[in-house]
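The values are calculated or read from the model by the stated rules, or taken from the named source; none is laboratory data. Here the structure is a predicted model, which means the values were calculated and not measured. Positions of Cβ are generated from backbone atoms using ideal geometry, with glycine treated the same way; all protein chains shown enter the neighbour counts. We work out accessible area using only protein heavy atoms, side chains counted, and drop any ligands, DNA or RNA first. Shrake-Rupley method; radii C 1.70, N 1.55, O 1.52, S 1.80 Å.
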Amino acid sequence: MVKFKIDVYSHGVRIQVHYPNEREAILKYCERLAIFETVWIPKLKRRVKKTKAVFATATHDRKEFGFLKAEFTKVEEYLRGLGYTSSDFQYTYHEPIEGAPIEIALQKGVGPRNEEQELAMAFMKEGKAINRVLNLPTGFGKAQPLSSQVLTPHGWVKMGDLSVGDPISGPDGSEGVVVGVYPQGVRPVYCITLEDGRQSTADAEHLWYTMENGLTGEVLTTATLKDRVENGREQYLPIHVPDSDYLEMSRVTDVQYVGADEVQCIEVSHPSHLYVTDDFIVTHNTACGLMTTAHYKVRTAFVMASGHFKTWIDSTKWVLDIDHAKDICVIQGREHLVNLVKLSLAGQNEYKLIFISIATIRAFLKDYLTEGYTIEGVTPYELFPTLGVGMRIVDESHENIHALVTATTFTHVRRAIYLSATLVSEDEKINNQYLKIFPMEDRFKDVSQNEHAQCVSVTYRLEHPDKVKCTGTKGYSHVAYEQWLMANRTAETRYYEFIESLAEQAFVSDYQDEQKLLIFCATTEMCERLASRLSKLYPQFKTSAYTAAYAPEVLYANDIIVSTPTSAGTGKDIPNLRACISTVAIGSVQRNLQMLGRLRPIKKYPHIAPVYYWLTCLDIQQHREYDVRKREQFSGKCASIGDMPTNVVV
């Protein structure tokens, strides 16, 4: 008699059971996949341990269970250990579809911008791969000497003088901005000469949009360009015609090594990712996020928070040559999803790219598990095949691991790509789930580190440690700690004075032109208060808080910035950042590494090592534990880790 009906999909496994004993056996196994949290229950006046999440799914009647495919081997071993045999299992294997073929191509000139991205693209394109996890480091780009001229709406500007936010001219005469500046140190430099005498310099890995014999367009490195020219192959580069949107081609006559020089790469917001350099020669700069879609040419679903839609859809305009009004579908809410499923069932779905909010997916899964809800008979397992989707791309996939496990369990596609930050957690059970969804062999190896930065733990004590309030519903809360400080004038003043003395030592006393200081606090209110004090204390500096309410320009226009880890702790490249002071005690390895990652090599002062300071209160146990964690997390990811004991009492 069959006791377990098992359906095996691309990423998950469904187990159907109809008898109480088997149901209890599966439920017992699910206990192994639970993680717990301790919360304060006001009515009971004590903390209670409760289940936070279970990394498995179950329908309301507990007749159907879902597990990650990587988990199922252990589930099967467990059941066989209970005495079940092969005759108790019935397997059905479902082969994922390749996906509806689509006509899609890259915009002219778009391609990997450096060796790291080239390697990443090769990794993503491996034919047999089902999963790929991409975590491209920032700061790796094709570089030009700091003396190279770059065209802006206000005239020519030296590469070394450009900063994030500066306006820049695109090859079509339109205006963009610099969105990233990445110093690359001293490298060999080559001079490219065109037949009309124009010249430009770049490093060996700089990417150029070229044409072979004036006909076939492709992207080449300087080194490859040099090799082709020396072997008699005619190569042409595009030339921007001033005051027009016209490009003409000019033949490369020579590529010569001219010595070593300090170089940097810029990333620009222009749709083509091209900018105009010396003598109106057009150069190339891009990220590789959407290139995989153009490579596989199958209908692709992008699953992410709806707040990311605009950024992604705007990026498709820069990267992909498609009709955006006709080829892109955006799904937010049940009604949109139902309509798309009906369209697909009728054979009328002609979209190439489908953007689905993670909230819509979650709602569908929840309704299916609690009510047995389907869309025209289509279950979550059948959703992507019904839509003709052959590839799913998930953005920020590390943000909610439980939601990701649930969604992945129901996913049935030929290929899945995950774009993620650091895939590591302080919770070992979460790390285990990361390894199941993102096996090490599926991850692109991130070679970037913060080896240029120094880290320092700065300790202090409390005058009345018995009175401190720093507990939230889930344990230690730095928000609660800051609220307690702000409610006690003496402690608050001493705390600010402590931070100010550290700012004096780390930044003010040895300030050099254009350097910046970033201070992290947990609450918006403390950011505002501290920024106000610093502004009065150091009138010679531009100082501001920077939180969600502020325009992005504020982050770059000030010398001293006081912000939260959420607002400025990730995805922000602040030029000439001399030091970071983190007052926030948190244990999240992802957040800590993201905050450390704000420190780049200081472009204008390459001989100065940026420093990351974190505060540790020796009278708070959680601070001491987090201090130990940070040392472990930062080990091997920075130049050094030191200590700065103080006599400060808050």
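Over 14 Å from Gln454 (Cβ atoms) and in a loop (DSSP other than H, G, I, E, B) - does that describe any residue in the range 640-650?
Within the range 640-650, one or more residues are over 14 Å from Gln454 (Cβ atoms) and in a loop (DSSP other than H, G, I, E, B).
In summary, strands (runs of 3 or more DSSP E) completely within the range 1-90 and bearing 1 or more residues that are more than 27 Å from Thr379 (Cα to Cα), at pLDDT below 95 and open to solvent by 80 Å² or more (accessible area, probe 1.4 Å) occur at 34-41, 46-54. Checked against the criterion of being at pLDDT below 90, more than 30 Å from Gln264 (Cα to Cα) and surrounded by 18 or more Cβ atoms within 10 Å (Cβ to Cβ), the range 574-586 contains one or more residues that satisfy it. For the range 467-484, a residue qualifies if it is within 17 Å of Gln621 (Cα to Cα) and assigned to a helix (DSSP H, G or I), and the qualifying residues are Lys467, His478, Val479, Ala480, Tyr481, Glu482, Trp484. Looking across the range 357-373 at every residue that is over 18 Å from Ile15 (Cα atoms) and β-branched (Val, Ile, Thr), the one that is most open to solvent (accessible area, probe 1.4 Å) is identified as Ile358. The set of residues in the range 460-482 being of a type in the set (Ser, Thr, Tyr) and touching a helix residue (DSSP H, G or I) at 6+ places or on another chain (Cβ under 8 Å) consists of Tyr460, Thr471, Tyr476.
So that you can scan it fast, the table gives a plain yes or no per residue for (1) assigned to a loop (DSSP other than H, G, I, E, B); (2) modelled with pLDDT of 65 or more:
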site	(1), (2)
His412	yes, yes
Tyr418	no, yes
Thr422	yes, no
Ser425	yes, no
Ile430	no, yes
Gln433	no, yes
Lys445	yes, no
Val456	no, yes
Tyr460	no, yes
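Against the numbered list (1) under 26 Å from the mean Cα position of the chain (by Cα); (2) surrounded by fewer than 20 Cβ atoms within 10 Å (Cβ to Cβ); (3) charged (D, E, K, R), Lys352 comes up short only at (2).
Residues of the range 624-650 that are touching a Cys at 6+ places or on another chain (Cβ under 6 Å) and modelled with pLDDT of 90 or more: Ile641 alone.
What residue, among those in the range 522-573 that are modelled with pLDDT of 90 or more and among the basic types (Lys, Arg), is farthest from the chain's Cα centre (by Cα)? Checked the range 522-573; the qualifying residue farthest from the chain's Cα centre (by Cα) is Lys536. Filtering the range 612-650 to residues that are among the β-branched types (Val, Ile, Thr), open to solvent by 20 Å² or more (accessible area, probe 1.4 Å) and either in contact (Cβ under 8 Å) with a residue 60 or more places away in the chain or within 20 Å of Glu482 (Cα to Cα) (or both) leaves Ile641, Thr646, Val648, Val649. Annotation: of all residues in the range 587-623 being outside any helix (DSSP H, G or I), within 20 Å of Tyr556 (Cβ to Cβ) and hydrophobic (A, V, I, L, M, F, W, C), the one that is modelled with the lowest pLDDT is Ile602. Between Leu534, Leu517, Leu502, the distinction of being open to solvent by less than 10 Å² (accessible area, probe 1.4 Å) and not in a helix (DSSP H, G or I) belongs to Leu517 only.
Which fully enclosed strands (runs of 3 or more DSSP E) of the range 131-243 have 3 or more residues being at pLDDT 70 or above, over 27 Å from Pro606 (Cα atoms) and touching a strand residue (DSSP E or B) at 6+ places or on another chain (Cβ under 9 Å)?
175-194, 207-212, 235-240
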